[in-house]
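To start, the structure under review is shown below, and the notes come after it.
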Amino acid sequence: MSFLSRRRGGARRGRKDTAPTPPPAALAAPNIELPDIELSTDKPPLVTVSPAEPVAHWAAAHRGALRAAVAEHGSLLVRGLGLRDPAEVGAVFHEVADTLTTEQEAFAPRRTYADGVHSSTAWPPNQPMCMHHESSYALDFPGLLLFACLEAAERGGATGIADAEAVLAALPPELTERFEREGWLLTRSYNDEIGASVAEAFGTADRTVVEAYCRAHSIEFDWRPDGSLHTRQRRAAVRRHPVTGRRCWFNQIAFLNEWTMDPEVRDYLVDLYGADGLPFNTRYGDGDPIGPDVVATLNEVYETHTVRTPWRPGDLLLVDNVRCAHSREPYEGPREVLVGLADPVRQTGHDAPGRRTKDRDTHVSDAKDEVSFR
């Protein structure tokens, strides 16, 4: 079943139920239809509601319709819920999602508000977060993203959405063919100053545990003499949607590449850590560097296919993480958008890039679907 169409409490097997316990009233009709969805060429699909009951009850009653709308359109902005605090947001997230997860391999810190409820990634407000698919560098990634706005920025800060099928179709074939053949390589250098620390990314600073995680998740690792951790992992750049089977441009090639950084920030980091010591960078799957022209092309195509609308306090945004990439505009003033990472999907062997290369002088994962690098 789809990560966007699973239902709770499926039929039990092996015996018939007698006198089942009636569900709460709010859950008795989990497929109540939504009001008409407003479709636009420059904004995400929008539905405006006015619940006369606690929002968690409303979410439970409309769960099936909400997930069906995301399955059909790729995303859905729900306006009018009036979400006020992390507890209320968490209750709604738990009603809509099948499973809420904790982020692994984070590239920047997050604050955890409650079980399954996190802050947006800590990222400088004056810098954009370019289009990406959440945790697309991990073997296990969320299939569904939930965003809830408690405080909208005074200016900017919108979350953009781009259809990954359309982006793939619009990119130059010679570019996508190489990435589809080789995949893409993510390199990371962990330190305690820029980006997520080892403990923030892996949930522990224990080297033995970190190494075991890397081996199990197809990540090469290298502890440097200064104690810092450097990793490399190769992933598919194009994957098929687990429900529709359609090919989607699914990665973080542009977002985590050095040429997407502000030039002054890049120059500072290179001076501080060296060209090979950037907190994160991306390459072609065979290890060749990706030029600024390629990154510019990716970001231009993303922008052409981006839809966005300003946040309003209380909004809820649901996003199919495979079908749609998302971004965040620079902003001014306070902004608080909470995030739920839901319904995990695991990259499988058929998603791996088609070409493998020999490993040299590095620790290599012993996972079943491992890939290695030059």
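Quick look at the numbers
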| read-out | value |
| --- | --- |
| Principal-axis tilt of helix 63-73 within the chain, Cα atoms, nearest 10 degrees | 50 |
| Separation of the Glu53 and Arg224 label points, Cα + 7 Å toward Cβ, nm | 5.6 |
| The range 139-248: radius of gyration over Cα atoms, expressed as a fraction of 2.2 N^0.38 Å | 1.38 |
| Counting DSSP beta bridges with both ends in the chain, the antiparallel % (nearest 5) | 95 |
| Helix axis angle, 86-96 relative to the chain longest principal axis, alpha carbon, degrees | 80 |
| Of all accessible heavy-atom area on the chain, the percent that carbon and sulfur account for (1.4 Å) | 50 |
| Choice from Thr244, Thr121, Thr48 with maximal GNM fluctuation in the chain (Cα, 10 Å cutoff) | Thr244 |
| Residue of Ala205, Ala216, Ala138 that the Gaussian network model of the chain assigns the largest fluctuation, springs spanning Cα pairs under 10 Å | Ala205 |
| Relative contact order [Cα under 8 Å, 6+ residues apart], the range 123-270, whole percent | 32 |
| Between helix 173-182 and the chain: long-axis angle, C-alpha atoms, 0 to 90°, nearest 10 | 80 |
| Relative contact order (%) - criterion: Cα under 8 Å, at least six apart; region: the range 102-182 | 18 |
| CD proxy at 222 nm, helix term only [per DSSP H run n ≥ 4: -39500 (n - 2.57); per residue of the chain; nearest 500] | -6500 deg cm²/dmol |
| Computed Kirkwood radius, in angstrom, where 1/r is averaged over Cα pairs of the chain | 21.6 |
| Relative contact order, percent, the chain [alpha-carbon distance under 8 Å, six or more residues apart] | 30 |
| Inter-centroid distance (Cα atoms) of the range 218-295 relative to the range 129-199, Å | 11 |
| Choice from Gly203, Gly160, Gly74 showing the highest fluctuation, given a GNM over the chain with Cα pairs closer than 10 Å | Gly203 |
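The values are calculated or read from the model by the stated rules, or taken from the named source; none is laboratory data. It should be emphasised that the depicted structure is a prediction, and the values quoted were computed from it without experimental measurement. Note that each Cβ is placed from the backbone with ideal geometry, even for glycine, and that neighbours are counted across all protein chains shown. Areas reflect the complete protein model, heavy atoms only, side chains present, ligands, DNA and RNA absent. Shrake-Rupley method; radii C 1.70, N 1.55, O 1.52, S 1.80 Å.
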